[in-house]
Amino acid sequence: MADITVTEHLLLHQKKTPQATGQFTGLLYDLILSGKSISQRINKAGLLDILGGTGEVNVQGEDVQKMDSIANRIMIYRMERSGALCAMSSEEEADLIRVGPEFPRGDYILIFDPLDGSSNIDIDINVGTIFSILRRPAGETGEVRLEDVLQPGYQQVGAGYILYGPSTMLVLSTGDGVHGFTLDPGVGEFLLSHPNMKIPEKGSIYSINDGYYRYWDDATKDVVDWFRTTESKDGKPYTARYVGALVADFHRTLLRGGIYMYPAEKRKPDGKLRLMCEANPLAYLAEQAGGKASDGRGRILDKIPTKLHARTPLFIGSKEDVEKVEEIYARHEAKK
Ligand code: AHG
Ligand code: MN
Ligand code: MN
């Protein structure tokens with residue numbers, strides 16, 4: 001069963017999906033290669049003096065881990081040579097990265113979080129690379145403009161992540177369902193292990209950083225209290241789980257169902273997570289798997305980004321659990 005390689009899968013899909021041109025498939029190959037290189041480094045991180053911080057603070061105001069910076073450099077180096085991209089944006093870079101003229105330019109735009117959950121790296125807990133693929137608006141040719149990149153998430157033509165866990169896994173959608181591949185380290189190839197992944201309609205796990213309770217508004221407190229006090233689908237209480245690496249918390253949600261929440265709060269009025277490199281790609285996967293992603297008021301994929309590093313509250317996972325959150329926020333809104 002696990003004999004279909006990701007290469008074979010992409011070639012089959014290239015025939016089925018109109019956006020999957022040779023250029024697009026080439027982009028995915030190079031992304032996969034970057035993921036394998038990052039995975040190799042992470043596997044040996046404790047042996048190579050690449051744990052800990054660099055002493056720098058990134059554009060998000062967060063401490064940069066050495067592995068953040070290594071993963072960022074691997075992605076930029078490999079992807080600017082792919083011939084498929086005209087621009088990139090990384091969580092670790094303040095500005096848009098325009099490709100060319102020294103490298104061949106393509107039609108696609110890649111937005112990525114090179115290492116998500118990086119504060120976990122020193123304790124050997126899951127981290128991942130999240131990516132979102134957009135197409136440059138038709139007819140545009142010269143220098144890429146910021147407006148060409150600030151597209152709403154429903155315009156993504158592909159998205160996914162590579163999870164560096166006990167196994168390294170690639171989870172990918174190009175608009176034709178969500179498919180999971182596990183890296184066989186012996187042969188260095190991703191093999192199809194999770195075809196056509198679907199999020200259960202309703203789950204029994206909720207996931208949030210509960211330590212921030214004091215910073216939430218009344219509506220958010222009500223949302224979380226609902227999950228704390230209501231029986232889940234199996235007649236038992238919801239279970240709480242929080243890894244603190246979005247990519248890992250999302251992966252569990254995709255496989256098991258339930259909801260992941262990162263709400264707005266007093267200190268962070270737009271939440272913490274980045275719309276373009278974190279929320280949009282995972283929202284695309286969630287919808288492709290039959291789930292939902294919302295900012296509490298509306299669909300994540302409909303949000304128009306105002307800047308590259310715009311943030312958004314995020315509620316993502318099983319359809320019924322996300323709809324419950326929207327219902328509670330709407331009730332509070334109506335009372336105002
Ligand atoms: P990153 O490591 O890319 O900066 O992302 C960290 C994010 C996300 O992975 C995680 O879910 C969240 O930060 C955890 O934040 P809190 O520590 O505030 O819960
Ligand atoms: Mn992140
Ligand atoms: Mn990151």
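Structure notes:
- Beta bridge orientation in the chain: antiparallel %, DSSP, nearest 5: 85 percent
- Per-pair calculated FRET efficiency, R0 = 35 Å: Ile4 and Ala94 via Cβ, rounded to 0.05: 0.30
- Unit charges on C-beta of K, R, D, E only; dipole of the chain, Debye: 460 debye
- Rg ratio (alpha-carbon, reference 2.2 N^0.38 Å) - the chain: 0.96
- Label point 7 Å beyond Cα of Asp63 along Cβ direction - residues of the stretch 115-139 with amide nitrogen under 16 Å: 117-125
- Subset of Lys268/Lys324; Lys266/Lys303; Lys233/Lys292; Lys198/Lys292; Lys66/Lys268; Lys221/Lys324 violating a 20 Å alpha-carbon distance limit: Lys268/Lys324; Lys266/Lys303; Lys66/Lys268
- Under the convention that each Lys and Arg Cβ holds +1 and each Asp and Glu Cβ holds -1, the size of the dipole of the stretch 205-335 around its Cα centre is about 360 debye.
- Global form of the stretch 205-335, assessed from the alpha-carbon gyration tensor, a/c cut-off 1.5: rounded
- Ordering 44-57, 183-196 by mean Cβ neighbour count within 10 Å, with the highest value first, yields 183-196, 44-57.
- Between 0 and 90°, nearest 10: helix 66-80 axis offset from the chain longest Cα axis: 50 degrees
- Note that the stretch 296-306 has calculated 3J(HN,Hα) couplings of x, 10, x, 5, 4, 5, 8, 6, 8, x, 8 Hz, one per residue in order, obtained from phi through the Karplus relation 6.51 cos²θ - 1.76 cosθ + 1.60 (θ = phi - 60°); glycine and proline are x.
- Charge context of Leu146, other residues only, Cβ under 11 angstrom, K/R +1, D/E -1: -1
- Cα gyration tensor, the stretch 6-194 - rounded (a/c under 1.5), prolate or oblate: oblate
- Residue-averaged [θ]222 nm for the chain, counting only DSSP H segments that reach four residues, each worth -39500 (n - 2.57): -9500 deg cm²/dmol
- Per-peptide average of other Cβ atoms within 10 Å, ordering 246-257, 230-241, 137-148, 165-176 highest first: 246-257, 165-176, 230-241, 137-148
- The stretch 214-336, relative contact order [Cα under 8 Å, separation at least 6], %: 28 percent
- The angle between the Cα long axis of helix 319-335 and the longest principal axis of the Cα atoms of the chain comes to about 60 degrees, rounded to the nearest 10.
- Projecting the Cα atoms of Gly258, Gln14, Leu172 onto the charge dipole of the chain, computed from C-beta unit charges around the Cα centre, puts Gly258 farthest toward the positive end.
- Dipole in debye (nearest 20) - the stretch 1-159, about Cα centre, beta carbon charges: Lys, Arg +1; Asp, Glu -1: 720 debye
Just so you know, all these numbers are worked out from the coordinates, no wet-lab data involved. These numbers come from a predicted model, not from an experiment. Cβ sites come from the backbone with ideal geometry, for glycine too, and all protein chains shown count toward neighbours.
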